[in-house]
Amino acid sequence: MALHSSTMSLLLALLLLLLIALSVPSAATSASLAGVNYGRVANNLPQPESVPRLLASIGVGRVRLYDADPAVLRAFANTGIELVVGLPDRCLPSVAADPSEARAWARTHIQAFVPATKIAAVTVGNEVLTGTNASDLARCLVPAMENLHDALAALSLDRDVIVTSAHSLAVLATPSYPPSAAVFRPDLLPSVRPLLAFHARIGSPLFVNAYPYFAYAEDPSGVGLEYALLDPGAAAFTDAATGLRYANLLHAQVDAVYHAISAAAAPSSKGCRVEVRISETGWPSAGDANETGATPENAARFNGNLMRLVAGQKGTPLVPGTLLRAYVFALFNENQKAGPSSERNYGLFKPDGTPAYQLVGFAVHQDGNSTSTVGMGGGRSGSGEGSPGGLVGESGESGYFSISTALPVRSSRTAPLFFLSNRTFLTRLYYISHYIFNLFLSKRKLATELSAEGSGSGFSCGDRRSECVLEIILTAHPSTTLLACCSENNNPKKMLH
């Protein structure tokens, strides 16, 4: 009878924890909405083989590349990091003109590496409509996208690898503020309309490179710094035409693109349903003397606030049901980029792998030790979906689960800590069930103890009864990251987020 009572108590506790694991929003899911651009316009960057470990150290599981270099693709094999690769601008004419060229490129740069390397999308060119040789490349853009999509379909890869395109906000006519006034440049509409039709037909998102920094640097007296930095307390702007309230400039920029898409739709259509994602955004940590606002402090604030926005798992004011997704520019400072000094100082890291400034809102590992979560302005850390396992070393003293890799790093002096909000369901299920059932098997005397006391609804922390632990779970605030802990003195403690 005592054993039956103890078993039922443990099963009830397990059921409760599983229900909580299902209901708590996963930070892995939140952070999977954010990624990092890995550009390589430099002569002093580390070898690609070392990059996945660096990404794991900040909990990033999504990366955008500007090409499909085989050495880089091999470096990301079996890491679980999701890649967006790029078809370089120089390849557009041949891929657009000849379907066999598209098939050859898809076989060489995609099929040869999947599934070991997780490739989720291909961007065809970068800022083709507004960049160098725009007039020539614009004619090639949609035909190249169509041929590449057909090539992937022929290889049965089109469901796993989508074809998309990335564009500068310069595709919008000026002024594009307020958002409701935004339209595409009239001279680009002959290219934009078939482009949007392609995206709508295959269901791929349109990528935009959106930089609040550019708007601020161009007009620092007219654009509030806090508004451009996405600060939570910035003075909001209301679009009079829609009544929508914009608390930050990035939301306004994204919604401007949505309005332009709607305006470009054919009058007979019901609108063009294309999702907008941010392929690049960031803030430089240094610049020339005339580049206002390019400082390490502002870069930290912007990216930290960006992580907060993404982790909030919400959309923009115009499309609140579509989650905001963004790639931070960039992973490294790139010393060979042309233009003003700011162009060479967007990196989260210096080429030697040290942070360019305090990384706010990321899950930071220090030399393989326990995870330290840093935040500003409500920034939240977390792991990217499919963050590489086995990339972060263990610390025998920390007692923490590694946030970005879900590696159990246990201390010899303390029991495990449950970081439910940083687990996908299967990982949560494994650790919760594994811990509870091992506890049950190793402490059979608990059944007799609970029976002698006449009650028992839970599991034990050492020699103490478990009602206290269940009370902690039941009364914890929903946003509490760490639900319960059994410390070395067997006193359950509520851990704060």
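With touching a helix residue (DSSP H, G or I) at 6+ places or on another chain (Cβ under 9 Å), under 19 Å from PRO115 (Cβ atoms) and of a type outside the set (Asp, Glu) as the only criterion, which of ALA138, ALA151 stands out?
Just one listed residue meets the conditions, ALA151.
For region 1-66, give me every one of the helices (runs of 4 or more DSSP H) that falls completely inside it and has 3 or more residues that are at pLDDT 95 or above, buried (at least 19 other Cβ atoms within 10 Å of the Cβ) and not aromatic (Phe, Trp, Tyr).
Hits in region 1-66: 51-57.
What number of residues in region 145-191 are part of a helix (DSSP H, G or I) and under 19 Å from VAL95 (Cα atoms)?
11
Among the residues of region 383-396, is any part of a loop (DSSP other than H, G, I, E, B), among the hydrophobic types (A, V, I, L, M, F, W, C) and either at pLDDT 95 or above or closer than 30 Å to PRO205 by Cα (or both)?
no
When only residues in region 79-99 that are within 19 Å of ALA116 (Cβ to Cβ) and in contact (Cβ under 8 Å) with a residue 40 or more places away in the chain count, which is farthest from the chain's Cα centre (by Cα)?
THR79
For every residue, the table says whether it meets (1) touching a Phe, Trp or Tyr at 6+ places or on another chain (Cβ under 7 Å); (2) closer than 21 Å to TYR177 by Cα.
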site: ASN248; (1), (2): yes, yes
site: HIS259; (1), (2): no, yes
site: ARG277; (1), (2): yes, yes
site: THR281; (1), (2): yes, yes
site: ASN290; (1), (2): no, no
site: ASN298; (1), (2): yes, no
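In region 269-304, which residues are in contact with a Leu (Cβ under 8 Å, 6 or more places away or on another chain), at pLDDT 95 or above, among the hydrophobic types (A, V, I, L, M, F, W, C) and over 15 Å from LEU324 (Cα atoms)?
Across region 269-304, the qualifying residues are TRP283, ALA300, PHE302.
Any idea which residue in region 273-289 is surrounded by the fewest Cβ atoms within 10 Å (Cβ to Cβ), counting only those that are among the polar types (S, T, N, Q) and touching a strand residue (DSSP E or B) at 6+ places or on another chain (Cβ under 6 Å)?
Among them, the one singled out is THR281.
Among the candidates PHE198, PHE214, single out the residue that is farther than 28 Å from ALA294 by Cα and either part of a helix (DSSP H, G or I) or touching a residue at least 24 places away in the same chain (Cβ under 8 Å) (or both).
Among PHE198, PHE214, only PHE198 is farther than 28 Å from ALA294 by Cα and either part of a helix (DSSP H, G or I) or touching a residue at least 24 places away in the same chain (Cβ under 8 Å) (or both).
Between SER94, SER100, which is modelled with pLDDT of 95 or more, closer than 26 Å to ALA338 by Cβ and assigned to a helix (DSSP H, G or I)?
SER94
Does LEU324 qualify as being under 28 Å from ALA234 (Cα atoms), assigned by TED's automatic domain parsing to the domain that holds LEU189 and surrounded by 24 or more Cβ atoms within 10 Å (Cβ to Cβ)?
No; evaluated as a whole, the condition is false for this residue.
Within region 113-131, is there a residue that is part of a loop (DSSP other than H, G, I, E, B), of a type in the set (Val, Ile, Thr) and within 26 Å of TYR211 (Cβ to Cβ)?
Yes, region 113-131 contains a residue that is part of a loop (DSSP other than H, G, I, E, B), of a type in the set (Val, Ile, Thr) and within 26 Å of TYR211 (Cβ to Cβ).
Would you point out which residue out of SER180, SER156 is surrounded by fewer than 21 Cβ atoms within 10 Å (Cβ to Cβ), modelled with pLDDT of 95 or more and either on the phi > 0 side of the Ramachandran plot or outside the structural domain of ALA338 (by TED's automatic domain parsing) (or both)?
Being surrounded by fewer than 21 Cβ atoms within 10 Å (Cβ to Cβ), modelled with pLDDT of 95 or more and either on the phi > 0 side of the Ramachandran plot or outside the structural domain of ALA338 (by TED's automatic domain parsing) (or both) holds for just one of SER180, SER156, which is SER156.
The values are calculated or read from the model by the stated rules, or taken from the named source; none is laboratory data. Quick caveat: nothing in here was measured; it's all calculated off a predicted structure. We place every Cβ from the backbone using ideal geometry, glycine too, and count neighbours over all the protein chains shown.
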